[in-house]
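No lab work stands behind these numbers, since they all come straight from the coordinates. Since the structure is predicted, the reported quantities are computational estimates derived from the model, not experimental observations. FYI the Cβ positions are ideal-geometry reconstructions off the backbone, even for glycines, and counts take in every protein chain you see.
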Amino acid sequence: MKRVLVVAAVIERNGKVLVSLRRPKGERASLWEFPGGKVEQGEGERAALARELREELGVRAAIGEEYARVDHLYPDLQVELALFRCALHTGEEPKPLACEEVRWVSRRDLPGLPFCEADIPVLTRLAEEDDARR
């Protein structure tokens, strides 16, 4: 079975988290995910995430500390997902360049969206942290 290392960003602004909608064709079509993508051969995780954010959303971001790491087995693929806290550079506005849509969503509304399975443990953690803040 094919194994891939995927990096993704947890970007928050004004109490909301940035998520992107996969295109309607291809693997895991029309599901929400945290923006990011596959790490290429010889590429570091943070460098890959910075590249993916430029390619997918047209933004520059500061890549911060690792937030979570999830191993998930899909029927066709084994995914290691590394999520990093990120901050968009001043004035950067994400655009859906390589996805169907981007949206800012409150932490507690995240679990209500249809997400890629590998992202679900992260949704739960974000929602729990939000509850703990209240």
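Starting from the Cα-Cα distance between K16 and S30, subtract it from 0.36 nm times their residue separation and give me the gain in nm to one decimal. All intermediate terms of the calculation are to be shown ahead of the outcome.
Values: separation 14, 0.36 × 14 = 5.04 nm, distance 2.08 nm.
The K16-S30 span can extend by a further 3.0 nm.
Run the reach check for K38 against aspartates and glutamates, Cα to Cα strictly under 15 Å, same-chain hits fewer than 8 apart removed. What comes back? List returned: E27, E52, E55, E56, D71, E80, D119.
Full extension of the chain between W104 and E117 yields a length gain of 2.7 nm, computed as 0.36 nm times the residue separation minus the alpha carbon distance.
When DSSP assigns beta bridges and you keep just the ones with both residues in the chain, what percent turn out antiparallel, to the nearest 5?
Rounded to the nearest five, the antiparallel share is 70 percent.
Calculate the FRET efficiency for T90 and E43 from the Cβ-Cβ distance with a Förster distance of 25 Å, rounded to the nearest 0.05.
With R0 = 25 Å, the Cβ-Cβ based efficiency is 0.45.
Computed from phi, the 3J(HN,Hα) profile of region 46-56 under the Karplus parametrisation 6.51, -1.76, 1.60 (θ = phi - 60°) reads 5, 5, 5, 5, 4, 5, 4, 5, 5, 5, 7 Hz, with x in place of Gly and Pro.
As a rough guide to protection, the peptides 95-101, 72-78 ranked by mean Cβ packing within 10 Å, highest first, stand as 95-101, 72-78.
Only Lys, Arg, Asp and Glu carry charge here, each on its Cβ (+1 for the first two, -1 for the last two); on that basis the chain has a dipole of about 240 debye about its Cα centre. Using the alpha-carbon centroid of each, what span in Å lies between region 88-108 and region 26-73? If you average the Cα positions of each part, the centres end up 13 Å apart. Farthest towards the positive end of the charge dipole of region 3-133, among the residues G112, V122, L53, is the Cα of L53, using unit charges on the Cβ of Lys, Arg, Asp and Glu.
Residue ranges 30-37, 44-51 sort as 30-37, 44-51 when ordered by packing (mean number of other C-beta atoms within 10 Å per residue, highest first). Once the Cβ-Cβ distance of D76 and R51 is raised to the sixth power relative to R0 = 30 Å, the FRET efficiency obtained is 0.75.
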